[in-house]
Each structure stands twice: as structure tokens, then as C-alpha cells.
Amino acid sequence: MKFLVPIFLFFAFACSAPKSLEKCDLIITNATIVDAKKDQIRGSKWVAISEDVIVATGDMDAMPWEAAKQIDAEGQYLMPGLWDNHVHFRGGDSLIEENKALLSHFLSHGVTTIRDAGGDITTAVKSWQKKIAEGNLQGPTIFTSGPKLDGERPAWAGSIKVTNEQEVVLAFDSLESIGINYVKTYDGSLKAEQYYQIIKEAEKRGLKVTGHMPLTALLMKAVELGLDGTEHMYYLFKACSVKEDSLTAVGGGYGMMGDLLATYDEQLADSVFEVLAEKEFYVTPTLYIGKLLSTLAIDDHREDSMLQYMGPGVQNTYEGRVRTAKRNASSLSRNRNALGEKFREMMLPLYNSGTTILAGSDCGPYNSFVYPGRSLQGELFELVAAGLTPAQALACSYINGPRFMGLSEKYGELSTGRRADLILLSRNPLEDISNVASVKKVIKDGKEIL
């Protein structure tokens, strides 16, 4: 019996001793988490981060973690950082620094990842990509297509010309040597035959391909060959016309849009969308830039709050589109308005079919007054105006973007093992999508940068 008291005291002490806490680099406390996948918010949560990864999450009534740095998110909404899935860096060597200056504007608007859709300063973009990944440059994570693939007379500087099968193979060799993340096509002078060859070569090499499609090609044929996505709505729109074959055979380029509009068939569109969903196809509508350009001839952008932050060289690139819009004011505006309305009508049936929509802004030099960061928010507003819920629109950005890049296991949710690219908002974006603009803090790679 003489041993019972000491043994009892030993166990009593062991049970009452405080448990040691797990250590991490950063803890966000009292957060309301925005879950776009489930269209719900979850209050009173903590998120523990080590280096650039979320290591644990939980309820505030039990937090077995400690960190040297803590962010109290009381009354704020925490969600993954936004993805802009269509941006451009371009304008030649003289505009490299002005393009580089755009990186900070993505971050300040909550955009932590971007998909560069091609330009003529690929070497600089690859350098930024590396420095950002290494933590030596502040900016969004960059995925890039490198140079676009176009025909004999490329529409944009820096593109690679492909006019036969051998040149397609050599172009892919060049792209792979650069270290591109996907392939982007453009329809400046690209012929249908080479367009189809590009898709076949991408399939052979395990690369995703998206972009513009020559209007002499057929979207559904391209999809059967392995096309992964399309940028803008023109080519999908063309596939929904009952006269697509005859209009394609006649040619006429973008001048056929009026005829396509008159022969658009909703039943055909539904069947097209169904096939695209089965093929896990991606559509980047870029509704915001279409709406902006439709009124470019009459809107005065001189007082835009973000214009002052664009370099003089970038501002100069805006003038070309402005002049064209004013020169063709009545017909261009009328056509853009009619097409824009139809494209918006297509969004909800397209989404409901299961086709994957990507939110992308098309911002960058030459795309007048389409500002980095803010224009992605504008694209989300347009998707909601077209019928999507705020949660669905957000998913088009930061859930579907990673899905295109094959990175769904690393991004898109606030859960253990996911990338710690996060934003804190002062208002609930699921209640009103405009609240996505209420950015209070930005955490990039696990570090508070704003």
C-alpha cells in the first residue's frame, strides 16, 4: 500500500501537465472561411501554415498550434487567392520593365496566380517565373505558354511560324526547350491543316493546347483530335450554328459573325456543350474585355483610377484599339453588343452542361484599359451577371484554373497540404460577388505581403 500514493500523484501530474503545441510559421485565427465548392462559409476557424503550405485547419475552440506570427482575421473572410487564367506580357524589350511593374497589381487585387497566354518577352517572363518561385521577386505564380503558334504572317510579334508538319515539330521542340506549361495557338494566318497538326503533336507530347482557332477549322473536329480548350467565345459560338460547315467552306473570317448569329441553334448548342463536358474541355470566355471594347469609342477612360499606374509605354499601346473603335464606331459597337449579349446567354447552359469555364481577363499591353487584377474581378462580375452564382464564378477562377494545370491537389481549397496562397476580404463574396474587391490582406507562399 505504501506505493499507491506516489503512483497516484505521478499519474495526476502527468494528466495535468500542459501538452506541447505543434509549431508552424504563421497562424490565421478567427477566420470565416469561404468555400466556393460547397457554396458556404464556415466561421471561427484557424489555419496553420509552414513555409508555403497549409499544415492544419480547425475550430477556434481547439488550436494545438503556435507560431511566431499570427493574423487575427476576426470579422474577415478567408479564401484561396484568385487565378487570372488569361493575361499577356508583351510590347518588346523596351516595355519589359513596365510589364514587370504589372505584377504587383495582380497581388494587390487578390490575384496570386496567372496564366500567361503568350507574348514577345518570353525570356523575361521565364525569368520572373523562376524568381517568384524562388522567393526573389514579389509577384503572382506564373504559368506560361511562351510564344504563340501562328501561320506564315503572325498577328503578334514573338510568335512562332508554322506552315507545315515539320515546322510544327520544330516549334514544339523549341517550346519544350523553353519550359512552357501549355501551348497557345493564334489565328492570325494559321491554316486549319497546321492547326490540327499542332493538336496532334500536343497529344503526342502530353501537353495541353488552347487558344484561338482558325475560322477555316471546325471546333468539334479539333476536340476529337484532343484540343483541350478555347480562348474567347467566337469558336464555340461558330460550332453552334446550323450553317457552320457552309460558312466555314465559304470563308470570310470574322465577317461571318452576323450570319453565325442568325443561324445559332440552341438544341445544337446543347449537344455541343454536352460533348465538351464529356471531353473535359475548357472555355475561357473573357466577357469583361468584350463588354469594355464594345463601348471603347464612346467611353472616356482618362480618369480611370488605375490608368496612372500603367507605364507610359503601356498606355501608348492602348491607342491603336481606341483609334480603330472610333473609326468604326457604329458598326463595331453594334456587332460587339449583339455578340456580347449572345455570349452571355450561352454562359449558364454552358456551365450547367458540365463544361469547365475558366475566368480570365485578357489584360495586358494593347488591350486598352483592361487593368491587371481589377479586370479579373470584372470578369467574375460578368460571369455572375450572365447567370452564375458568386460561388460558381469564384470556382471558375481558383478551382478550375488549377484543374487546367493539373494541380487540383495543390490549390483550390483551404485544407491540409494545399498551397498557402490566400486572401482576406472584409465582406462576404458569396453574398455579393462585388465583395471580392474588398481585399484586406494577401498571403502569398505562406507570407503576408499586403
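The values are calculated or read from the model by the stated rules, or taken from the named source; none is laboratory data. Everything numeric in this text was worked out from a predicted model, so none of it was measured. Cβ: placed from backbone, ideal geometry, glycine included. Neighbour counts: every protein chain shown. For accessibility, only protein heavy atoms count, side chains too; no ligands or nucleic acids. Shrake-Rupley method; radii C 1.70, N 1.55, O 1.52, S 1.80 Å.
The candidates Tyr235, Tyr196, Tyr366, arranged from most to least accessible area with a 1.4 Å probe in the full protein assembly, appear as Tyr366, Tyr196, Tyr235. Report, in debye and to the nearest 20, how large the dipole of the chain comes out about its Cα centre when Lys and Arg carry +1 and Asp and Glu carry -1 on their Cβ. In debye, rounded to 20, the chain gives about 620.
Rounded to the nearest 10 degrees, the inclination of helix 266-278 to the longest alpha-carbon principal axis of the chain is 50 degrees. By a 1.4 Å probe calculation restricted to protein chains, Ser20 has an accessible surface near 110 Å², given to the nearest 10.
Given axes a ≥ b ≥ c from the Cα gyration tensor, I'd like to know whether region 166-308 is rounded (a/c under 1.5), prolate (a/b larger than b/c) or oblate.
Details: a/c = 1.79, a/b = 1.16, b/c = 1.54.
Verdict is oblate for region 166-308.
Looking at Gly378, Ser415, Leu350, which one has the Cα that reaches farthest to the positive end of the dipole of region 261-418 (charges on Cβ: Lys, Arg +1; Asp, Glu -1)? The residue sitting farthest along the positive end of the dipole is Gly378. When only the Cβ of Lys, Arg, Asp and Glu is charged (+1, +1, -1, -1), the dipole of region 23-165 relative to its Cα centre reaches about 260 debye.
How would Met220, Met257 line up by accessible area, probe 1.4 Å, largest first? Write down the numbers at each step before the final one.
Details: Met220 50, Met257 15 Å².
Ranked list, largest accessible area first: Met220, Met257.
With contacts taken as Cα pairs under 8 Å and at least 6 residues apart, region 114-239 reaches a relative contact order of 20 percent.
Take each peptide in 138-150, 59-71, count the other Cβ atoms within 10 Å of every residue, and average; sorted highest first, the result is 138-150, 59-71. Projecting label points 7 angstrom from Cα along Cα→Cβ for Thr389 and Lys130 puts them 4.5 nm apart.
In terms of the Cα gyration tensor, with a ≥ b ≥ c the square roots of its eigenvalues, is region 138-183 rounded because a/c is under 1.5, prolate because a/b exceeds b/c, or oblate?
Details: a/c = 3.59, a/b = 1.69, b/c = 2.13.
Oblate, because a/c is 1.5 or more while a/b does not exceed b/c.
Along the Cα-to-C-beta direction of Lys221, a point sits 7 Å from the Cα; which residues of region 244-267 have their amide N less than 16 Å from that point? Output list for this probe position: 244-253. Here the extension length gained between Glu74 and Ser408 equals 117.4 nm, from 0.36 nm per residue of separation less the Cα-Cα distance.
Using the charge dipole of the chain (Lys, Arg: +1 at Cβ; Asp, Glu: -1 at Cβ; taken about the Cα centre), state which of Leu225, Leu450, Ile298 has its Cα farthest towards the positive end. Going by the Cα projections, it comes out as Leu450. If I model a spin label as a point 7 Å beyond the Cα along the Cα-Cβ vector, how far apart are those points for Ser174 and Asn328 in nm? For the pair Ser174/Asn328, the computed spacing is 2.9 nm.
Relative contact order for region 333-450 using alpha-carbon pairs under 8 Å, separation at least 6, rounded to a whole percent? Numbers along the way, then the final one.
Numbers: 131 pairs, mean separation 21.9, N = 118.
This gives 19 percent for region 333-450.
Note on Glu280 and Ser108: with the Förster distance fixed at 30 Å, the Cβ-Cβ geometry gives a FRET efficiency of about 0.35. For the chain, find the longest principal axis of its Cα atoms and tell me its angle to the long axis of helix 165-178, 0 to 90°, nearest 10. Tilt of helix 165-178: around 30 degrees. Pull up all non-local amide H partners of Tyr282: gap of 5 or more, or a different chain, and H-to-H distance under 5 Å with H placed in the peptide plane. Long-range HN contacts for Tyr282: Gly229, Thr230.
On the protein heavy atoms, probe 1.4 angstrom, tell me the percent of accessible surface of the chain carried by carbon and sulfur. Could you put the intermediate results ahead of the total?
Values: 9970 of 19700 Å².
Carbon plus sulfur share of accessible area: 51 percent.
What the chain shows is 44 Å² of accessible area per residue, with the surface traced by a 1.4 Å probe over protein heavy atoms. Along the axis of the charge dipole computed for the chain (Cβ charges of +1 for Lys and Arg, -1 for Asp and Glu, origin at the Cα centre), the listed residues Ala133, Asn316, Ala262 are led at the positive end by Ala133. Shape call for the chain from the C-alpha gyration tensor, a ≥ b ≥ c root eigenvalues: rounded (a/c under 1.5), prolate (a/b greater than b/c) or oblate? Prolate. Region 390-450 and region 257-274 have Cα centres lying 34 Å from one another. Comparing Asn328, Asn30, Asn99 in a Gaussian network model of the chain (Cα springs below 10 Å), the most mobile by mean-square fluctuation is Asn328.
Per-residue surface analysis assigns Glu176 an accessible area of about 90 Å², computed on protein heavy atoms at 1.4 Å probe radius. Mean-square fluctuation check for the chain, GNM, Cα pairs under 10 Å: which of Arg419, Arg42, Arg403 is largest? Checking each option, the largest mean-square fluctuation is seen for Arg42. Placing pseudo-labels 7 Å out from each Cα toward the beta carbon at Arg153 and Tyr254 gives an inter-label distance of 1.6 nm. A 1.4 Å probe, protein heavy atoms only, puts the accessible area of Lys130 near 120 Å².
Ordered by solvent-accessible area of protein heavy atoms (1.4 Å probe), largest first, the residues Arg336, Arg115, Arg427, Arg327 come out as Arg327, Arg427, Arg336, Arg115.
Note: relative contact order over the chain, using C-alpha pairs below 8 Å and six or more positions apart, is 19 percent.
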